[in-house]
2 protein chains.
Amino acid sequence: MSFTHVAIIGLGLIGGSVGLAIQQHLPGVRTSGFDRDPDVRRRAADLGLVGQMHDSAAAAVAGADLVILCVPVGAMGTAARDMAPGLGADAVISDVGGSKVAVTQALQAALPGRCIIPAHPVAGTENSGPEAGFATLFRQRWCIITPPADAPADRVAALVKLWEDLGAMVECMDAAHHDMVLAVTSHIPHLIAYTIVGTASDLEQVTRSEVIKFSAGGFRDFTRIAASDPTMWRDVFLNNSDAVLEMLDRFLADLAVMRGAISEGDGQAMFDLFSRTRSVRRSIVAFGQDDARPDFGRGDHGKDQN
Amino acid sequence: MSFTHVAIIGLGLIGGSVGLAIQQHLPGVRTSGFDRDPDVRRRAADLGLVGQMHDSAAAAVAGADLVILCVPVGAMGTAARDMAPGLGADAVISDVGGSKVAVTQALQAALPGRCIIPAHPVAGTENSGPEAGFATLFRQRWCIITPPADAPADRVAALVKLWEDLGAMVECMDAAHHDMVLAVTSHIPHLIAYTIVGTASDLEQVTRSEVIKFSAGGFRDFTRIAASDPTMWRDVFLNNSDAVLEMLDRFLADLAVMRGAISEGDGQAMFDLFSRTRSVRRSIVAFGQDDARPDFGRGDHGKDQN
Ligand SMILES: NC(=O)c1ccc[n+]([C@@H]2O[C@H](COP(=O)([O-])OP(=O)(O)OC[C@H]3O[C@@H](n4cnc5c(N)ncnc54)[C@H](OP(=O)(O)O)[C@@H]3O)[C@@H](O)[C@H]2O)c1
Ligand SMILES: NC(=O)c1ccc[n+]([C@@H]2O[C@H](COP(=O)([O-])OP(=O)(O)OC[C@H]3O[C@@H](n4cnc5c(N)ncnc54)[C@H](OP(=O)(O)O)[C@@H]3O)[C@@H](O)[C@H]2O)c1
């Protein structure tokens, strides 16, 4: 099977990009959409993010064989309940949320007995809102699909195919493993970046203007991450707290070791860590998930992503 | 006064870039150089990093009115002692080291009674070695000069002028303040990046190949920093340990607060921090120290810096 009508609920960065990408890559597939914010609906309609805009979630999902919820993780349950009256019996419900155990539970509670196949495209920018979306966001990026054990294989295959058609590389894993992988590769880096940028803003010894002036020494790379959407990230930490705390405690233990090395002047321990981490960078570049070019290859994914 | 002959000791990324930048921007100024590694000397000569290459530090500094030590922070004392026999009585001795209290002490101990004016161009890449240098590295970047209280004003002014001629913006401050500013804007970000990349490489629950695959969610921005030169960074932490430990403890305290917010589900505390940090990013972009373009404006500084 393949999907013929995709409804998108939530038309910000990710929802808008999904809508544009489907229209570009799968012109035969109908798209409809809804956002709870009337102003976003108007702007999204003007931008043509979906083929048909609706004034209610139930109307937007009527006739759709796939619904993709593109709302913040904490709003998934509400959004699912809102659309339930319009949902066809055979529709597949998916999403794009950045944490998967909590979202799966919320969707299953809101839509008992439905075919729910959660997903998470590992692609984004620190911008949000309908104007931030672009059709090439998912190109050469990973999309993780976390099918529950009882998900029908043909529906899973159709969802894999859809994301591949949008340019993504797909990997399937269970939701709990997803949450652990993302805690390391995304959630902890964001938490750390937010925290250090906060620390630097509050110092008495060093002024904020000095921090800004001399940020080229490494700090500015953290500020880019720490400019990500606050609502989305609050929801991620509220909804993936177990995996995040587990990984955070690993990081804190390792940082305590490095603190000890610095206070004892143990240059060898520092040198060993600093040498080891270089090879990870090389693997990421070799694997095409970053790039040695000055724009880190971001140009490949289309529009300015900073 | 202005300098007419600049000797550069250590011809890696920074020394090579200084040599190329002087030749490009100040064609009337003589440049001579030395590196302790014969192979680096050969490669640097082939690349034309300085006008005249020498086989000893003493020969390289003979006749120079300015010597810039571009060796790792931990090698400053040795490099200064090696060149002492060739040093003219009125020569100004400067450097480019990333920590300033320790380097100033090392230089003053090695060259008592000499005119020592330390400096630190806040510009770099994670590459090292003579091939990594390029003439535009310092353009639109800050250079911090830390003149001791008794440094003659005309020599300080000449050094300021030299760095401005190479395209840098110059700020003077005392060495201890420099070390605190750099601990926040550079050293702690590097320590954190090295540590989290190390943590992620050592997990049992998540494979290294998963970390690499899904790094686009934030992690890859840390790996770029964590690919910086191990020797240089070991030396930075050995030589700026007081300021680094002070700032690290501030960061750890703030991170403990965020850990508490996550484990208690305090979404408001998260939202407040995550909103506050956005404005720092905007200031950095507004201040021209980073950029909203896809290459972060790295193209402005010439060659590929990744
Ligand atoms: N941004 C990234 O980097 C990224 C990457 C991968 C996955 N994701 C996931 O993508 C999802 C959306 O993120 P985004 O960056 O696209 O956020 P966004 O740009 O803020 O868009 C979300 C949109 O959903 C709307 N919305 C909220 N609750 C709703 C509801 N109950 N019904 C209908 N619409 C609702 C929001 O309206 P209001 O403004 O009125 O709330 C907003 O317009 C999140 O689950 C996130 O985890 C994000
Ligand atoms: N890289 C950055 O981002 C950056 C930014 C601002 C400032 N800095 C500062 O710049 C300085 C140099 O860093 P870099 O990145 O240019 O390092 P680099 O590329 O490794 O170059 C340093 C060169 O100095 C040589 N050297 C070491 N000890 C010496 C001695 N006693 N006499 C003569 N030459 C000697 C090294 O040779 P061997 O290889 O044989 O040791 C190497 O060729 C450091 O103090 C650093 O703090 C670096």
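The values are calculated or read from the model by the stated rules, or taken from the named source; none is laboratory data. All figures in this text were calculated on a predicted structure; none of them were measured in a lab. Glycine also receives a Cβ, built like all others from the backbone with ideal geometry; neighbour counts cover every protein chain displayed. Heavy atoms of the whole protein, side chains included, go into the accessibility calculation; ligands, DNA and RNA do not. Shrake-Rupley method; radii C 1.70, N 1.55, O 1.52, S 1.80 Å.
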Please verify whether region B:127-134 includes one or more residues that are within 22 Å of the chain's Cα centre (by Cα), more than 9 Å from ligand 2 (Cβ to nearest atom) and either surrounded by 17 or more Cβ atoms within 10 Å (Cβ to Cβ) or assigned to a strand (DSSP E or B) (or both).
yes
List pairs: first residue in region B:265-288 and more than 7 Å from every other protein chain (Cβ to nearest Cβ), second residue in a helix (DSSP H, G or I) anywhere in the structure, Cβ distance under 6 angstrom, at least six positions apart or on different chains.
B:269/B:261
In contact (Cβ under 8 Å) with a residue 24 or more places away in the chain, within 13 Å of ligand 1 (Cβ to nearest atom), within 28 Å of residue B:214 (Cβ to Cβ) and open to solvent by 40 Å² or more (accessible area, probe 1.4 Å): does that describe residue A:72?
yes
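Restricted to region B:244-276, and to residues that are under 25 Å from the mean Cα position of the chain (by Cα) and open to solvent by less than 10 Å² (accessible area, probe 1.4 Å), which residue is nearest to ligand 2 (Cβ to nearest atom)?
Among those that are under 25 Å from the mean Cα position of the chain (by Cα) and open to solvent by less than 10 Å² (accessible area, probe 1.4 Å), it is B:244.
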Whichever residue in region B:178-213 is surrounded by fewer than 24 Cβ atoms within 10 Å (Cβ to Cβ) and more than 7 Å from every other protein chain (Cβ to nearest Cβ) and, among such residues, is nearest to residue B:236 (Cα to Cα):
B:202
If residue B:1 satisfies every condition in (1) within 14 Å of another protein chain (Cβ to nearest Cβ); (2) away from ligand 2 (no atom under 11 Å from the Cβ) but one, which is the exception?
(1)
Candidates A:211, A:206, A:181, A:160 - the one that is more than 23 Å from residue A:231 (Cα to Cα) and modelled with pLDDT of 95 or more
A:160
So residue A:160 passes all but one of these: (1) closer than 26 Å to residue B:207 by Cβ; (2) β-branched (Val, Ile, Thr); (3) within 9 Å of ligand 1 (Cβ to nearest atom). Which condition number does it fail?
(3)
Specify the residue that is nearest to residue B:127 (Cα to Cα); the eligible residues are those in region B:6-36 that are surrounded by 20 or more Cβ atoms within 10 Å (Cβ to Cβ) and free of Cβ contacts under 8 Å to residues at least 40 places away in the same chain.
B:33
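Starting from residues that are of a type in the set (A, V, I, L, M, F, W, C) and surrounded by fewer than 24 Cβ atoms within 10 Å (Cβ to Cβ), keep the ones in region B:214-232 and report whichever is farthest from the other protein chains (Cβ to nearest Cβ).
Going through the qualifying residues, I end up with B:232.
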With respect to the numbered conditions (1) more than 24 Å from residue B:269 (Cβ to Cβ); (2) not assigned by TED's automatic domain parsing to the domain that holds residue A:36, which one is the sole condition not fulfilled by residue A:187?
(1)
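Residue-by-condition table, conditions (1) open to solvent by 60 Å² or more (accessible area, probe 1.4 Å); (2) within 13 Å of ligand 1 (Cβ to nearest atom):
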position: A:38; (1), (2): yes, yes
position: A:42; (1), (2): yes, yes
position: A:52; (1), (2): yes, no
position: A:60; (1), (2): no, yes
position: A:64; (1), (2): no, no
